[in-house]
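Reviewing the structure listed below.
The values are calculated or read from the model by the stated rules, or taken from the named source; none is laboratory data. What you see is a predicted model; the values in this text were computed from it and never measured. Don't worry about glycine lacking a Cβ; one is built from the backbone with ideal geometry, like all the others, and counts go over all protein chains shown. In case anyone asks, the SASA skips ligands and DNA or RNA and just uses the protein heavy atoms, side chains included. Shrake-Rupley method; radii C 1.70, N 1.55, O 1.52, S 1.80 Å.
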Amino acid sequence: MGITFEGYPEITGAEIREALDFCNRQILHVLPEFTDKFQQAYSENGFYPPVENRDWTTGFWTGEIWLSYEFSGDQRLKAAAEVQVHDFLNRIDNKLAVDHHDMGFLYSPSCVAAYKLTGNKEGREAAIKAADQLISRFHPVGEFIQAWGAMDEPGNYRLIIDCLLNLPLLYWASEETGDEKYRDIAEKHIHTAVANVIREDYSTWHTFFFDRKTGAPDHGATCQGYRDGSAWARGQAWGVYGLALAYKYTGRKEYIELFRRVTEYFLEHLPGDLVPYWDLEFNDGDDQPRDSSSASIAVCGMLEMSKYLGVEEAEHYRKLALRIMKSLYDNYAVKDFAVSNGLVLHSTYSNHSPYNTCDHRGVDECNAWGDYFYMEALTRLSKDWVLYW
C-alpha cells in the first residue's frame with residue numbers, strides 16, 4: 001500500500017482528548033473578542049486580530065466554535081456561533097464580498113453546521129442563498145465554476161483545486177431543497193477539475209485555465225505555489241480531501257484510485273516529521289517555511305476516504321492519520337495562551353517566490369483553516385463525526 005511511516009508514534013486517545021480540551025479552552029478564552037468580530041485569516045506574531053466578516057476564511061472560525069460546542073456542549077459557544085450565523089445571513093443578503101467561489105468555505109462550517117447541529121433556520125436560509133451565489137459563477141462553456149474575479153474578464157476563465165471543498169455546499173442544497181440544479185453543477189465541476197488539475201505524476205495544478213470560446217483545456221499555472229510545475233502543498237492537500245469528498249458524493253470508483261495516487265504523492269514528499277513545507281518541492285535541509293495546515297487538511301481527507309474502503313486499506317490511512325497528527329500535536333500545536341490565540345503554529349497562507357505573483361502574508365503563523373482542520377481531524381478521530389461538508 002505504499003508509504004506507511006512504520007515505526008512513527010501515533011497520537012493516543014488520551015492525547016486526542018487533551019488536544020480537543022485545549023482547543024475548547026482556547027476558543028472560550030478568546031470568545032469575547034471574536035463573537036461580534038471574526039479572526040483574521042492569519043495571525044500576526046502568533047495572535048489573530050479581530051476583523052469584519054469579509055474575507056473568504058471567516059467561516060473556519062465559526063466552524064471551530066461549532067466543533068468546540070460539539071466537544072463540550074457549552075451553551076456560550078452555541079450562542080456565539082448563532083451571532084455569527086446571523087452575520088453570515090446579512091453578508092449574503094447584502095452581497096458583501098461574495099464575488100468568488102469560496103461560498104462553501106464560508107457557509108459549510110458556519111451555517112450548514114448550525115442547521116445540522118441545532119436546526120438553525122437562519123443557517124439554512126443563508127447556506128441556500130450562498131449555494132445560489134456559487135452556481136451563479138458556473139460557465140456552461142467549459143463546465144466549471146470560475147474561481148475569482150469578474151465573469152467577463154478573459155484572464156479569469158479558470159478554476160482552482162481548492163473549489164473541490166466548496167462543492168459539498170451544493171450537494172447539501174440539492175438534498176435540502178429537492179432541486180437537482182445544484183448537484184448537477186457540482187458534478188460537472190468535479191469532472192472538469194479532476195480531468196485537468198491532476199498531472200501525469202499525480203501532483204496537482206493550483207489553477208487551470210480554459211478557452212473562453214470553446215471551453216477546451218488551455219493550461220495549468222500556480223498563483224500560490226513556488227512555481228508553475230511544482231506541487232503547492234496546500235493544493236495537493238485540497239486534492240486529497242477533495243477527491244475523498246468527490247467519491248462520497250458521486251460514488252465514482254475512479255476517484256478512489258485517483259485519491260490513492262494523489263495522496264501517495266503528498267506522502268512521498270513529506271519531510272522527516274511528516275509536516276510539509278509550503279511547497280512539496282522543498283524538504284529537510286531547505287531554508288523554507290512549513291505549512292502545517294496542509295497536514296491537517298490531508299489527514300481529514302484520509303479519514304474521510306477510509307470510510308469507503310476495505311478494512312485493511314482503511315486501517316492503513318487511519319494509521320497514517322494518527323502518525324501525522326502525533327507530529328502536529330507534539331511539534332506544532334499551541335499549548336499556552338501566552339504564545340498564541342490560535343491553535344496550530346507554522347502555517348503558511350501565501351509565500352511570495354520569484355516565480356509566483358502572490359502576496360507575502362501569514363508566513364510561519366497560525367491560519368484560520370489550519371486551526372479548523374486540525375480540530376476537525378481531532379474530532380473525526382474522537383467519534384463518528386457528522387460532516388459539515
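Are any of the pairs Lys326/Lys383; Lys181/Lys383; Lys129/Lys383; Lys121/Lys307 more than 23 Å apart by Cα-Cα distance, and if so, which? Distance filter (> 23 Å) returns Lys181/Lys383; Lys129/Lys383; Lys121/Lys307. Note: relative contact order over the chain, using C-alpha pairs below 8 Å and six or more positions apart, is 19 percent.
Annotation for Thr214 and Tyr308: the two label points, set 7 Å from Cα along the Cα-Cβ direction, are 3.2 nm apart. Taking Rg/Rh (Cα atoms, Kirkwood Rh) as calculated from this structure, the corresponding entry among (1) 0.93; (2) 0.98; (3) 0.95 is (1). Between Ala14 and Ala338, full extension at 0.36 nm per residue minus the direct alpha carbon distance yields a gain of 114.3 nm.
Under a point-charge model restricted to the Cβ atoms of Lys and Arg (+1) and Asp and Glu (-1), what is the dipole moment magnitude of the range 113-155 relative to its Cα centre, in debye to the nearest 20?
The dipole magnitude comes to about 320 debye.
For the chain, modelled as a GNM whose springs connect Cα atoms under 10 angstrom apart, the maximal fluctuation among Arg91, Arg212, Arg252 occurs at Arg252. In the assembled protein chains, Ser347 presents an accessible area of approximately 0 Å² (probe radius 1.4 Å). Per residue, the accessible area of the range 84-180 comes to 33 Å², computed with a 1.4 Å probe over protein heavy atoms only. Applying 1/(1 + (r/R0)^6) with R0 = 30 Å to the Cβ-Cβ distance of Asp384 and Asp99, what FRET efficiency is obtained, to the nearest 0.05? Plugging the Cβ-Cβ distance into 1/(1 + (r/R0)^6) gives 0.20. The distance from the alpha carbon centre of the range 21-82 to that of the range 270-319 is 25 Å, rounded to a whole number.
Summarise the accessible area of the range 41-87 (1.4 Å probe, protein heavy atoms) by the percent that is carbon and sulfur. Roughly 50 percent of what the probe reaches on the range 41-87 is carbon or sulfur.
All other residues whose Cβ lies under 13 angstrom from that of Phe282 are scored, Lys and Arg at +1 and Asp and Glu at -1, for a net of -4.
The packing ranking, built from the mean of other Cβ atoms within 10 Å per residue, places the peptides 120-130, 363-373, 254-264, 283-293 in the order 363-373, 120-130, 254-264, 283-293, highest first.
What a 1.4 Å probe finds exposed on the range 164-277 is 44% carbon and sulfur by accessible area, rounded to a whole percent.
Between the C-alpha center of the range 162-231 and that of the range 97-152 there is a gap of 15 Å.
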